[in-house]
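Data first, discussion second: the structure below is written as structure tokens.
The values are calculated or read from the model by the stated rules, or taken from the named source; none is laboratory data. Predicted, not measured: the structure shown is a model, and the values here were computed from it. Note that we place each Cβ from the backbone using ideal geometry, even for glycine, and neighbour counts take in every protein chain shown. Protein only, heavy atoms only, side chains kept; ligands, DNA and RNA dropped before computing areas. Shrake-Rupley method; radii C 1.70, N 1.55, O 1.52, S 1.80 Å.
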Amino acid sequence: MQRKQAHQEPRGFITVAQNSPTGDYLTMAYVQAMSIKATMPGARYAVVVDTATAALVTARHRRVFDYVIEIEQDNAAADDWKLANDWQIFWLTPFKETIRLEADVIVPRSIQHWWPALAQRELVLGQHCRDYLGNICTVSPYRKTFRDNNLPDTYSGIMYFRYSRTATEFFLLAESIFANWQQVSTALLKPDPLPTTDVVYALAAKIMGPERVTLPVDFVNFVHMKPGINKWPETTDFVKELTVVVDADRLLVNNILVTHPFHYHSKHFITPEIIETYERATRNICNS
């Protein structure tokens, strides 16, 4: 795959939003874009969609989406969990420097100050994650595959890249791993896991050398609300059992201020009230 046009802007955020039985990712991207613009006025945002999702984009969405980019090569058309297109963001992003977020993440505080540190590398994968108290989790109960295969504890849910040799090498490698998953996983991994973006990108990082695609300072991560990360029973639904306050520039979980991007994971977290809160906050920020 090659770029179709030159980069159009210096910096911005991007996500992939393909609606599927697993969730309304377009709405998640809409809320994510508003959270970014509420906390970082002037930030630019692009969403990558498939043909079916593109048909759902309305004027309301375009108020906060600076770019709506349709995938031409949909490798996940038959999948419920649409992961196989993510590597295309390198060739689709309109930005020379890009922060990629999973769609089910909001940004409750500005991370504008991250850019200079991220620019110390040509590509930076997130490392580890945090519980809602802000503690870094280095041993996730969900990462047996990573431990069994000695994969670096990286997360694709938040990453940085710029147009560069390292990023080109990384995304070409990720594309190849996705395309040849059965042979690659049989030869290099045990047991044979699903080709999630996290596993594919971690394997690419291991092959290239984790030091090339991570930072030595452990701040590029998000608060992860999966129960095991927070040492809760797996049946815990934080949306129902915790007190969560969402304001335009503040997020509190059980009265704890969340300062990192917030990976809510539970797709029913986004409510009409949260959408309305962000719409009010961005009414005078985004283009009309």
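For this structure, a couple of remarks:
- Fraction of alpha-carbon pairs over 32 Å apart in the chain - percent: 20
- In the full protein context, the chain carries 45 Å² of accessible surface per residue, based on a 1.4 Å probe and ignoring ligands, DNA and RNA.
- The accessible area of THR51, taken with all protein chains in place and a 1.4 Å probe, comes to roughly 90 Å².
- FRET efficiency, THR166 to GLU70 (Cβ-Cβ, R0 25 Å, nearest 0.05): 0.35
- Annotation: Cα Rg of the stretch 1-119 relative to the compact-globule expectation 2.2 N^0.38 Å equals 1.01.
- Within the accessible area of the chain, the carbon and sulfur atoms contribute 51%, probe 1.4 Å, all protein chains present.
- The stretch 200-288, Cα convex hull volume normalised per residue, Å³: 176
- Computed from the Cβ-Cβ distance with R0 of 45 Å, the FRET efficiency linking GLU211 to GLU276 stands at 0.50.
- With a threshold of 26 Å on the Cα-Cα distance, the over-threshold entries among LYS144/LYS267; LYS144/LYS231; LYS37/LYS267; LYS206/LYS231; LYS144/LYS206 are LYS206/LYS231.
- For the stretch 220-271, projected area of the alpha-carbon convex hull averaged over all directions, nm²: 3.9
- Take every DSSP beta bridge whose two residues both sit in the chain; close to 55 percent of them are antiparallel.
- Debye-formula intensities of the stretch 38-107, expressed as log10 I(q)/I(0) at q = 0.11, 0.13, 0.19, 0.27 Å⁻¹, are -0.29, -0.40, -0.88, -1.53 (one equal scatterer per alpha-carbon, no solvent).
- Spin-label zone in the stretch 199-223 - amide nitrogen under 20 Å from a point set 7 Å from the Cα of THR236 along the C-beta vector: 222-223
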